[in-house]
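One structure is given here, and the rest of the page talks about it.
The values are calculated or read from the model by the stated rules, or taken from the named source; none is laboratory data. Values in this document were obtained by computation on a predicted structure and should not be read as measured data. Ideal geometry is used to build each Cβ from the backbone, glycine not excepted, and the neighbour counts take in all protein chains shown.
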Amino acid sequence: SGLQWLSEEFSLCSPLKNKNDAVTFKSWLRETWVNLAMVDYPYEANFLQPLPRWPIQVVCKYLGFDSTVSDHQLLHGVAQAAKVYYNYTGSSPCLNTSQTATSSLGALGWFFQACTEMVIPMCTDGVQDMFEPEQWNFQAFSDECNSIFGVRPRADWAGTVYGGKKIGSHSNIIFSNGGLDPWSAGGVTSNITQSLVSILIPDGAHHLDLRYSNNLDPPSVRAARALELKYFQKWIRQAQKSTGTGSTISKKRKNSP
């Protein structure tokens, strides 16, 4: 009866029938919260799902409970919060627990990259985070990659190819991190050299600076874009100077129709 109630409360396309379904359901919810935090944009957007502006604020309106509420009240709020992410427009007849982003996004490509180039260990302890404890299990991840793509990841490949944290010999890279983006926890948040620079965007969600400009953009992202442009211009000038192409480019522009 509990599984049936959950299925109806969350308007699931595929009703929960057993314990395995419940485990999958919880994993789906966990990824939902991660995605929501990632796309907390200051305007309506549809990167992962069609969402209102500042969706985290909208979602949290359904989760303002104290410790005295019943489990049913709490789960009703969680269901309403999930529907902000999956059915903000009201056009979805049910919630599909087999995906956490729009099907047109092609999210499988990211998973393939993680299976072949960029293994990202993930773990939770239920103390420093809001999730149930789950240890990182590389073998289980490798088995999942093999079952889906027929490939197995090399655990240290990213460090071997890109240098891990020892990237001081690289150049001309901007590491921009949004303060609202959970991924910023693993980002480069301070300058390493004069051409390995970090730009912090306190009011920014995931790659907000790389999205189209919007009248609702916070000042921090406008400043970040302006600074990024200055670095681009500086590095292009340096490259032209070192190769002697600056004068050639200038002459071509003058001769252009």
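A compact table of results
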{"quantity": "Single condition residue 22 does not satisfy, out of (1) within 24 Å of the chain's Cα centre (by Cα); (2) outside any loop (DSSP other than H, G, I, E, B); (3) within 26 Å of residue 135 (Cβ to Cβ)", "calculated": "(1)"}
{"quantity": "Qualifying residue in the stretch 86-95 (condition: among the polar types (S, T, N, Q), in contact with a Leu (Cβ under 9 Å, 6 or more places away or on another chain) and farther than 26 Å from residue 221 by Cα)", "calculated": "yes"}
{"quantity": "Which numbered condition residue 181 fails, given (1) more than 27 Å from residue 208 (Cα to Cα); (2) touching a residue at least 24 places away in the same chain (Cβ under 8 Å); (3) of a type in the set (D, E, K, R)", "calculated": "(1)"}
{"quantity": "Neighbours by Cβ (under 9 Å, 6+ apart or cross-chain): first from the stretch 218-247, over 15 Å from residue 199 (Cα atoms); second of a type in the set (Lys, Arg) and in a helix (DSSP H, G or I)", "calculated": "246/237"}
{"quantity": "Single residue of the stretch 220-230 satisfying the filter (exposed (fewer than 11 other Cβ atoms within 10 Å of the Cβ) and of a type in the set (A, V, I, L, M, F, W, C)) that is nearest to residue 44 (Cα to Cα)", "calculated": "226"}
{"quantity": "Residue 221 being over 24 Å from residue 120 (Cβ atoms), at pLDDT 95 or above and β-branched (Val, Ile, Thr)", "calculated": "yes"}
{"quantity": "Selection count, the stretch 231-250, where residues are exposed (fewer than 11 other Cβ atoms within 10 Å of the Cβ) and at pLDDT 95 or above", "calculated": "1"}
{"quantity": "Single unsatisfied condition, residue 217 versus (1) assigned to a helix (DSSP H, G or I); (2) under 30 Å from residue 44 (Cα atoms); (3) of a type in the set (D, E, K, R)", "calculated": "(1)"}
